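Structure, as structure tokens:
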Amino acid sequence: MSVKDRLLDKLRSGAPLRRGEQLRLAWMLGLPAMLAQLGTIVMEYIDAGMVGRLGSDQAASVGLVATSTWIFGGFCFANSSGFSVQVSQLIGSRNFAKARKVMRKGFVSVLFFSIILAVAGLSISPFLPHWLGGNEAICADATAYFAIFCAFLPVMQIAIISCSMLQASGNMKIPSIVEVSACVLDVILNYIFIYMLGLGVKGAAIGTGLATMISHAFALWYLFRKSPELNIFQDSSSWIPDMESLKAAFGISGPMWLQNIISRGAYVASTVIVAPLGTIAIAANSFAITAESFCYMPGYGLSDAATTLVGQSIGAGRKELARQFAWITTGLAALLMTTAGILMYIFAPQMMGLLTNDSEVIALGVKVLRIEAFAETMYAASIIAYGSCVGAGDTMVPMLMNFASMWVVRIGLAMILTPAMGLAGYWVAMCIELNVRGLIFLLRIKGKRWMKKEFV
């Protein structure tokens, strides 16, 4: 038995875990999750960099619909969480048979929903770029990119839930291998479709979709055939969703859907605010968001670890241990993201230069990245605290907190500052909002009300 498995077994059995063991377990789960996040972010970098070399109009076309792709992708993540949180807590209570039962029903449920989501996305794709204020020079490419993205949504959904279930069981290694593989495939397929076949922006969407499908087939195979806790050949049960599992899933996913609409909707609103500033501002905004993703990669990786550790601790009936894991992962993320923020401030020109050779876009991107560097510490706190709350099944109150933070603080300030300061004004508003959000989420996990949900 590996050290990680031994520590997870102690967690599930109720054996004491010393602080050093807690820190070691958090790091052992967090590091592979961070590598998985890194793979995802590198894929975004590859897409942005390859498209950026085509010109500012092509870059702006992807940037225009980027926030909308986040909304649709966010629904897929929320769907998966509705079932993976249940599975995590059931594994924590050693109820492996029920965990597999919930997993089976989860796969059917989320696949059905993702097909509906794909049809909806394809239906609005011809109109979306115009709704977002794009000019005629970029709308055709933006429509094509968004439509292809939506066509691959069922593939993305299966990829997400496969990795989520593995992570729920404490297996962070396979998802990280899969994401790195996806990154390598993305480079190869994007080069083929963007340049060799001359498909441009459309090629970027096709390449990424195929890379996701091919690489995550391994995660699905491993989950169903090799996972000690979840492989489906250990027993048999119905794949047809029932009201018990759906109701429990909706209790988690429902607020997360609202959270997705609220937070991602705020990003769409920000696109509408930024779009009148012109193509250079749209491209710089999109590239700066991609560049900043390297800073919050450690946060989202450790957030996956926090969700798993909190979920399994609560499933094992160990709420105080769940609280300790929440604070340990928050401290680790804050340290890593603060360091990343410092590096981003120093190397902002080089980071933007990897994405585009347009000097105006680079200069504006560097300016806003250096503003955002001052938000990374508290951004880390908000990411981990939210992940901890999700592991406990606490999603309604965090959704309301995000609503107030995003729409009142960020959008309110952006509407005031952007007309006066340009793109920098929007990023100042975002920097202030992320610091406020981090503070209120720290106050949330300091209390006890977020640890009430149990699905065992």
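The values are calculated or read from the model by the stated rules, or taken from the named source; none is laboratory data. What you see is a predicted model, and the numbers here were worked out from it, not measured in a lab. Cβ placement follows ideal geometry from the backbone for every residue including glycine, while neighbour counts extend to all protein chains displayed.
List of remarks:
Listed here are the residues, each with its yes/no results for (1) within 14 Å of A36 (Cβ to Cβ); (2) under 19 Å from the mean Cα position of the chain (by Cα); (3) modelled with pLDDT of 95 or more.
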site: I160; (1), (2), (3): yes, yes, no
site: C163; (1), (2), (3): yes, yes, no
site: N171; (1), (2), (3): yes, yes, no
site: A182; (1), (2), (3): yes, yes, no
site: L189; (1), (2), (3): no, no, no
site: I194; (1), (2), (3): no, no, no
site: L197; (1), (2), (3): no, no, no
site: T208; (1), (2), (3): no, yes, no
site: E229; (1), (2), (3): no, no, no
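- For the range 131-139, the condition of being more than 30 Å from G353 (Cβ to Cβ) and either of a type in the set (A, V, I, L, M) or touching a strand residue (DSSP E or B) at 6+ places or on another chain (Cβ under 6 Å) (or both) holds for none of the residues.
- Matching residues, the range 66-110, being touching a Lys or Arg at 6+ places or on another chain (Cβ under 7 Å) and either within 30 Å of G133 (Cβ to Cβ) or of a type in the set (F, W, Y) (or both): T67, W70, I71, G74
- Residue, farthest from A385 (Cα to Cα), within the range 314-326, restricted to residues that are surrounded by fewer than 18 Cβ atoms within 10 Å (Cβ to Cβ) and touching a residue at least 24 places away in the same chain (Cβ under 8 Å): G317
- Checking each residue in the range 237-263 for being part of a loop (DSSP other than H, G, I, E, B) and surrounded by fewer than 18 Cβ atoms within 10 Å (Cβ to Cβ) picks out S237, S238, W239, I240, D242.
- Only a single criterion out of (1) under 18 Å from the mean Cα position of the chain (by Cα); (2) closer than 25 Å to F112 by Cβ is not satisfied by I177, namely (2).
- No other residue among A340, A363, A404 is in a helix (DSSP H, G or I) and within 23 Å of T308 (Cβ to Cβ) apart from A340.
- With respect to the conditions (1) in a helix (DSSP H, G or I); (2) over 18 Å from the mean Cα position of the chain (by Cα); (3) at pLDDT 85 or above, A269 lacks only one, and its number is (3).
- A residue that is in contact with a Pro (Cβ under 7 Å, 6 or more places away or on another chain), under 25 Å from L199 (Cβ atoms) and not aliphatic (A, V, I, L, M) occurs nowhere in the range 119-127.
- Checking each residue in the range 264-289 for being of a type in the set (S, T, Y) and surrounded by fewer than 24 Cβ atoms within 10 Å (Cβ to Cβ) picks out Y267, S270, T271, T279.
- Residue pairs whose Cβ atoms lie under 7 Å apart, sitting 6 or more positions apart in sequence or on different chains, and linking a residue in the range 9-36 that is in a helix (DSSP H, G or I) to a partner that is of a type in the set (K, R), are R12/R94; L25/K4; M28/K4; P32/K173.
- Candidates are the residues of the range 366-401 that are of a type outside the set (S, T, N, Q) and outside any helix (DSSP H, G or I); the one that is surrounded by the fewest Cβ atoms within 10 Å (Cβ to Cβ) is D394.
- Qualifying residue in the range 200-220 (condition: surrounded by fewer than 20 Cβ atoms within 10 Å (Cβ to Cβ), more than 25 Å from G52 (Cα to Cα) and without any contact (Cβ under 8 Å) to a residue 12 or more places away in the chain): yes
- Pairs where the first residue, in the range 72-94, is in contact (Cβ under 8 Å) with a residue 60 or more places away in the chain and crowded, with 24+ Cβ neighbours inside 10 Å and the second is among the acidic types (D, E) and not in a helix (DSSP H, G or I), C-beta under 6 Å, 6+ apart: I91/E229
- Matching helices (runs of 4 or more DSSP H) fully within the range 48-139 where at least 3 residues are polar (S, T, N, Q) and under 20 Å from C150 (Cβ atoms): 56-92, 96-124
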